Amino acid sequence: MMNCELLATCGALGYLEGDTYHKEPDCLESVKDLIRYLRHEDETRDVRQQLGAAQILQSDLLPILTQHRQDKPLFDAVIRLMVNLTQPALLCFGSVPKEPSFRHHFLQVLTYLQAYKETFASEKAFGVLSETLYELLQLGWEERQEEDNLLIERILLLVRNILHVPADPDQEKSIDDDASVHDQLLWAIHLSGLDDLLLFLASSSAEQQWSLHVLEIISLMFRDQNPEQLAGVGQGHLAQERSTDVAELEVLRQREMAEKKTRALQRGNRHSRFGGSYIVQGLKSIGERDVIFHKGLHNLQNYSSDMGKQRRRVPKRRQAAQELSTQRRSALNVRLFLRDFCSEFLENCYNRLMGSVKDHLLREKAQQHDETYYMWALAFFMAFNRAATFRPGLVSETLSVRTFHFVEQNLTNYYEMMLTDRKEAVSWARRMHLALKAYQELLATVNEMDTSSDEAVRESSRIIKNNIFYVMEYRELFLALFRKFDERCQPRSFLRDLVETTHLFLKMLERFCRSRGNLVVQNKRKKRKKKKKALDQPSASNNIPCSLEELEATWPALAEQLLCYGQAPQLSLDSVVPFDAASEVPVEEQRAEAMVRIQDCLLAGQAPQALSLLRSAREVWPEGDVFGCQDISPEEEIQLLKQILSAPLPRQQGPEEQGAEEEDEEEEEEEELQVVQVSEKEFNFLDYLRRSSSRRPPMWSPEEEAQLRELYLAHKDVEGQDVVDAILAHLPTAPRTRKQIIHQLVRLGLADSVKDFQRKGTHIVLWTEDQELELQRLFEEFQDSDDVLGHIMKNITAKRSRARIVDKLMALGLVTERRELYKKRRKKLAPSSSPNGEESLKNFCKEDTEEDNLSEEKSEEEEEEDLGADQAQGSSVLPTEDLGQNLHQEGFSAPLLWLQNCLIRVADDREEDGCSQSVPLVPLTEENEEAMENEQFQQLLSKLGVQPPASGQETFWRIPAKLSPTHLRRLAASLSQRKEEEKLQPELELEIHGEQGPGEEHRAQALRALLLARKKKAGLASPEGNSRTASLLKEGATDGKEQLKAAPKKRQLLDSDEEQEEDEGRSKAPEVGAPGIQKKKRFHIEDEDETD
């Protein structure tokens, strides 16, 4: 049903009376409205379908085009509308739809396009187009307007669209030598003179902008033609063709008569009990006996073992690719016209047009996949030239080594895209077939040049072959195409052309090797190198001495230079820049690199540069006094440089080592480099032929299939091993590859897909219960050491990688973050201020080495978060207790209390529910919101293990699900102030003294937090005082538990205020005298157990 507005618009165009079309006054506006409707049509192309069903192009637009050509605005608008209506269906829908409803719309649009093509097959329509195009081309470039160029392009696009419409074989049912719709269209083009205009556009240097349009139109004109047959038309082959046709017709007639006679001799369908049964001698049945045939003897010739069997269904994704390109013989007059067109095109247009198209392709002025038209034209016209009168000069533009390289490059690209882009693999295979045809024709033309009588032509052929056979990629191309042939994407015609091209290449290579005594060719080999990363060893250099004695020997000369320049404090520092603010290298790595540069300057004997670099680095990195303090004396500066000279500094690796792939997860990692080594060698044709003709894998015998089935069933359920590896180890027959075994298992139905046997990156190693207990014991033993993970790896029984141990510790809840397992840093001391300056410098070197280890551990464990900022802070990061005390002093007591209550509440919920999930921290007061935006408060949250919001997805910080209730209560207890803790402790102990059970520690923490909140509300809380953790409370509770086991009374130990004063006085004693262990006095607070 046509839309009302669309129907009214079409009615306002005009009407046809006889052969005369009368346009309406609003005809131009109606055409523009139709263009607007097409611009806003939906995805089903409803407007296009309605206009096609109403036959607007046949009944209105084409008469307007032919009869109202003098109305230029209307003519331009009609051309625009016709270009839009005739554009290919693939452009309208993007691709052939797979959904049935959309596929129906696609086929409907294609039907209307075929009707448009049949209507255009008239001399009148193409006559108007050719006349208009001729008048526009007569204008010079200074007279031609932009509207004229647009009209030229639209006319060429309209011709392209009409020629692009595929034929409908079911409707036409045309045979050879019969005029199809496409032949009628070509004949109309010839009669209108449009072919001469195309030749002019192809040969004119001033019209190179239309070269791609012209090449596309020419390729569509010769779509169904065979160049060899087209070259032989009119050269005495007409009588031969007629005799061939008569012979074929006679064969068909004899076959039909034989079938009719056979049907007459056959018996009726009525069953005869005297038909008999026969034994076919020599033809075995399933057993050892001969086949018994139960039908008449006249049906014996049609006997097959497949009779009565159901054909095996092949899945759609495994079906063989279908042949799409068909060749037919057009009518004689059309073939004569096309032959003359080819001859004239080769003589006057081919070299210029192909050069212009190649320039457009290389400069990326063309659209995507336009190179396919170039390769089609190359293959077609070079084949026509070779079959007609072979003249290499006519195709000299594409007869060069550069053309071989261009075609080979595109062929390789299509081959790689076919393997990677599986959704469009069929399209890439078709493009690869075009490239293969072009490559085949290039080889055939070069081979034909060897038989030329001209010495220059033969010399050109020799030069081309010498360049082709020398390069390795040309020789290995066909072998790769054979190995990766896929019948699901590539049709049999591709395989046939590949075999013919390979045969031609081998024949040319053999002849070339025989004509030459020896042939030197290029050889490329990928060599893999494995190097161990030496993180702690300095890089090898020519100016680095090997021993400390040599360093001591070189120091006096350097000391004299440093004494001369050390007295000049205003040494020029402009040329020395130790820090690059725009670099992506972290600040810590740049600091270590500056230290290495100072050492390199000293080793090279450049004392002034080393001194300047040291002073510049001191200004950039004053913290920690690593490069000396600001008021350092010249003598101390020289002593510091001596320590730098002899220090074992960690040196960064080269760029080729940094770019290599890390393979090992251990501390000593290996990196693998692939180096392509290019060399020359003498070519041996027999070895190349033997390698190219590698045999196919042997077929599987029934015995081998039975063994494979038994091995698979025996090893498929065994954990910890790969079933294919087990089969390879136990298969007693001929050696098979892993791929062959997997495919055979799929064919036998033992597996559903090849993906079931994909190797995992790392095998999952199961932990036993004893190993988990051992890991917990080792963690508790070494959790207070500097390198927890290192001690665990040294003492664990079952050796595992660092990443696996870290993952298991996190799974057991022993740690919450990976950074808790990093090596603890030592405080950095200035070499000048410390009496042991050399030891401080070694500590600095050790810290840099630990930073490198941390970066390796980050890549090994595949952490996504960036730890560089935390590493750069070093010892400046405050612990949790100090952060909490600073926040108390800054007035964040209420937000800290809110955070503490949130942690305790989440811990209680997780104990009651028995499950864990991340809980957001939602600040409901303005004071809490300000605290959540404070940088120091966020740092405290990170230390506590609270996760920041994900970028673009979350808003609030979240308490992660991996934190256990016990750990949450410990974190909440660490947020209290020490003075209030001491004040509340006696009262808290009295309240929780009578509680029993395993949760009394949790009860104590909850009551302490509640009392603290009450006193804060009453104004009793004070932000001043020394902070103290809740470890004393935990210690008291632990001691109380021990007392419960020994006596019926509870005893808990609390420190007194007097002891605290004594402790403060005694804490200064170790600074003067020898350190000693001071015992504290303790009060025993005893309460009787409550009885009912």
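Solvent-accessible area assigned to carbon and sulfur over region 598-637 amounts to 47 percent, based on a 1.4 Å probe.
Among 315-324, 473-482, 506-515, 883-892, the peptide with the highest mean count of other Cβ atoms within 10 Å heads the list, and the full ranking is 883-892, 473-482, 506-515, 315-324.
Treating r as the C-beta distance of Glu487 and Phe685 and R0 as 25 Å, the FRET efficiency rounds to 0.25.
Give me the percent of accessible area attributable to carbon and sulfur for region 286-380, probe 1.4 angstrom. Answer for region 286-380 is 45 percent, counting heavy atoms of protein chains only. Given their separation in residues at 0.36 nm each and the Cα-Cα distance between them, Arg289 and Val754 gain 163.4 nm when the chain is fully extended.
As a calculated quantity, the FRET efficiency between Val585 and Lys962 at R0 = 22 Å, using C-beta atoms, amounts to about 0.10. The calculated FRET efficiency for the pair Met307 and Glu424, based on their C-beta separation and a Förster distance of 41 Å, comes to about 0.50.
With all protein chains kept in place, the per residue accessible area of region 4-117 amounts to 49 square angstrom at a probe of 1.4 angstrom.
Entry comment: accessible area of region 592-632 is 35 Å² per residue, from protein heavy atoms only and a probe of 1.4 Å.
The spacing between region 913-932 and region 141-172, judged by their C-alpha centroids, is 67 Å.
Is the shape of region 85-195 best called rounded, prolate or oblate, per the rule: a/c under 1.5 gives rounded, else a/b larger than b/c gives prolate, else oblate, with a ≥ b ≥ c the square roots of the Cα gyration tensor eigenvalues? It is oblate, given that a/c is not under 1.5 and a/b is not larger than b/c. Packing order of peptides 495-505, 118-128, 794-804, 606-616, highest average first: 606-616, 118-128, 495-505, 794-804 (average count of other Cβ atoms within 10 Å over each peptide's residues). Each part gets one Cα centre, and for region 427-493 versus region 31-49 those centres are 47 Å apart.
Taking 7 Å steps out from each Cα toward its Cβ at Thr737 and Ala12 produces label points 6.9 nm apart.
Could you sort the peptides 397-405, 276-284 by per-residue average Cβ neighbour count (10 Å cutoff), highest mean leading? Walk me through the intermediate numbers first.
Details: 397-405: 17.8, 276-284: 10.1.
So the peptides 397-405, 276-284, ranked by packing, come out 397-405, 276-284.
Once the Cα-Cα distance is subtracted from the 0.36 nm per residue extended length, the Leu252 to Lys716 segment shows a gain of 161.2 nm. What separates the Cα centres of region 602-647 and region 53-78 is a distance of 88 Å.
Calculate what fraction, in whole %, of the accessible area of region 173-224 sits on carbon and sulfur atoms when a 1.4 Å probe is rolled over the protein chains.
Reported share for carbon and sulfur atoms: 49 percent.
For region 15-27, putting each phi into the Karplus relation 6.51 cos²θ - 1.76 cosθ + 1.60 with θ = phi - 60° gives couplings of 8, 9, 10, x, 9, 9, 9, 9, 8, 7, x, 9, 5 Hz, in residue order, rounded to whole numbers and with x for Gly and Pro. Taking every Cα-Cα distance in region 1-98 and sorting them into 5 Å bins from zero, the calculated P(r) comes out as 2, 12, 25, 25, 17, 10, 5, 2, 1, 0 percent.
The values are calculated or read from the model by the stated rules, or taken from the named source; none is laboratory data. Keep in mind that this is a model prediction, so the values were computed, not measured. Cβ: placed from backbone, ideal geometry, glycine included. Neighbour counts: every protein chain shown. Surface accessibility is based on the protein's heavy atoms, side chains included, excluding ligands, DNA and RNA. Shrake-Rupley method; radii C 1.70, N 1.55, O 1.52, S 1.80 Å.
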